[in-house]
Amino acid sequence: MSFATAETRDAVSAESCNPRTATYPPQPTHFDARGEFDLVVAMRHAGTRNVRVRWQLVGNPDAPTLVVQGGISADRNAAATDAAATDTATEPGWWQAQIGADGGFDLRRVQLLSIDWIGADGTLDAPIDTADQADAIAATLDRLRIARIAAFVGCSYGALVGLQFAARYPTRLQKLVAISGAHRPHPYASALRALQRKVVALGQLQCADELGLSIARQLAMLTYRTPEEFEQRFVADTVLDGAHARCAAEDYLEVCGARYAERWSPTAFLRLSESIDLHRVDPAQVTVPTTLVAVEGDRLVPPTDVHELAGRIAAPTRVHVLRSLYGHDAFLKDVMPVAAILRKALETSSFDCSNGGVA
């Protein structure tokens, strides 16, 4: 099996509005598989629903299993695999930068399980809770006959689901790593997302779905990053484009928005955005050793919320605070600092694998 790389692209589109555009060295051969199944879920807000769960498993099948989940736009393809190549045009995974001996995940020593989020295909037009996602992951483990996982590693929305999984299934994991996620949404972040949803809804009313999604994504990029980064990258003066002013960041934002609108439906965006704001976890219900990562300048999940969460978790908890230009996107962009935290948190010698394999 070989890990594919993406072609180098122009300076605007190669930036991290799509983390899969960077190139990475080939990785050694590993087992990989993917599949899907129908699941009946008793959803927290929407009653009993039939959903389709799509999963991917990659790495050493004799090693501890980790669940790895990203933001609402991340899919099951966290790491590129031969199985994934048939329907993703051999794109690297969304967290490909962390794959390998120098990254956070050495696939000779672990195997990674990821799913597509419930609702990501746009077929579920109902309120979705992070608890519903945790239940879908538990059902996937049952389907694969994995009794217990060594760790749940979640970033952004994945961190919220990881907290839910730890609270709902404490006997099914040994450790939790939650990056840029907390037990509740911050009110400022919820207000920003509410405006993004209104933009998408307005696009739907105007029969301009792609435009609405694109603008909402552009607004989101401003929340994922920091003013300091924009000050460094987009220093050129605003210019007149015909009779209208155009600032230096607009090309970048429009590329990010267009790419997002190509892949996503309004329903998927609206329901998963709502899901973030519906999220609530009682930290006292998290009883497994936990590593939390906060980022200075994260406008969506400020470090104060992460420290509050840490103080209320009923288990040994370590907090790392990163300094980053990239704000909420630090888990994608600050590869080496994040890799160091992951390697420390996921030392395989500390895993108890006695109940982590096939049931």
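Between Arg184 and Met336, the simple spin-label model (points 7 angstrom out along Cα→Cβ) gives 3.9 nm.
Against the empirical curve 2.2 N^0.38 Å, the C-alpha radius of gyration of the chain lands at a ratio of 0.95. Straight-line cross-link partners of Lys175 among the lysines, defined as a Cα under 19 Å from its Cα and at least 8 positions apart when in the same chain: Lys344.
Ordered by the count of other Cβ atoms within 10 Å of each Cβ, fewest first, Thr291, Thr238, Thr48 give Thr48, Thr238, Thr291. For a modelled paramagnetic label at Leu144, 7 Å from Cα along Cα-to-Cβ, the residues of the range 54-80 in reach, with backbone nitrogen under 18 Å, are 54-71, 74-80. Counting other Cβ atoms within 10 Å as a rough exposure proxy, the listed residues Val239, Val200, Val319 run Val239, Val319, Val200 from fewest neighbours to most. This ranking places Cys207, Cys256, Cys247, Cys155 by how few other beta-carbon atoms lie within 10 Å of each, fewest first, which gives Cys207, Cys247, Cys256, Cys155. Distance between the 7 Å Cα→Cβ label points at Lys198 and Arg108: 5.5 nm.
Between Glu231 and Ala284, the modelled labels are 4.3 nm apart [label points 7 Å from Cα along Cα→Cβ].
If I stretch the segment between Leu240 and Thr48 completely, what's the gain in nm (0.36 nm per residue apart, minus their alpha carbon distance), one decimal?
The span from Leu240 to Thr48 would gain 63.7 nm if fully extended.
For the range 188-274, the calculated P(r), taken from all Cα-Cα distances in 5 Å bins from zero up to the bin holding the longest distance, is 3, 14, 22, 22, 18, 13, 7, 1 percent. The Cα-based radius of gyration of the range 223-266, divided by its Kirkwood radius, gives an Rg/Rh of 1.06.
Each value in this text was obtained by applying a stated rule to the coordinates, not by laboratory testing. Quantities reported herein were computed from a predicted structural model and do not represent experimental measurements. Positions of Cβ are generated from backbone atoms using ideal geometry, with glycine treated the same way; all protein chains shown enter the neighbour counts.
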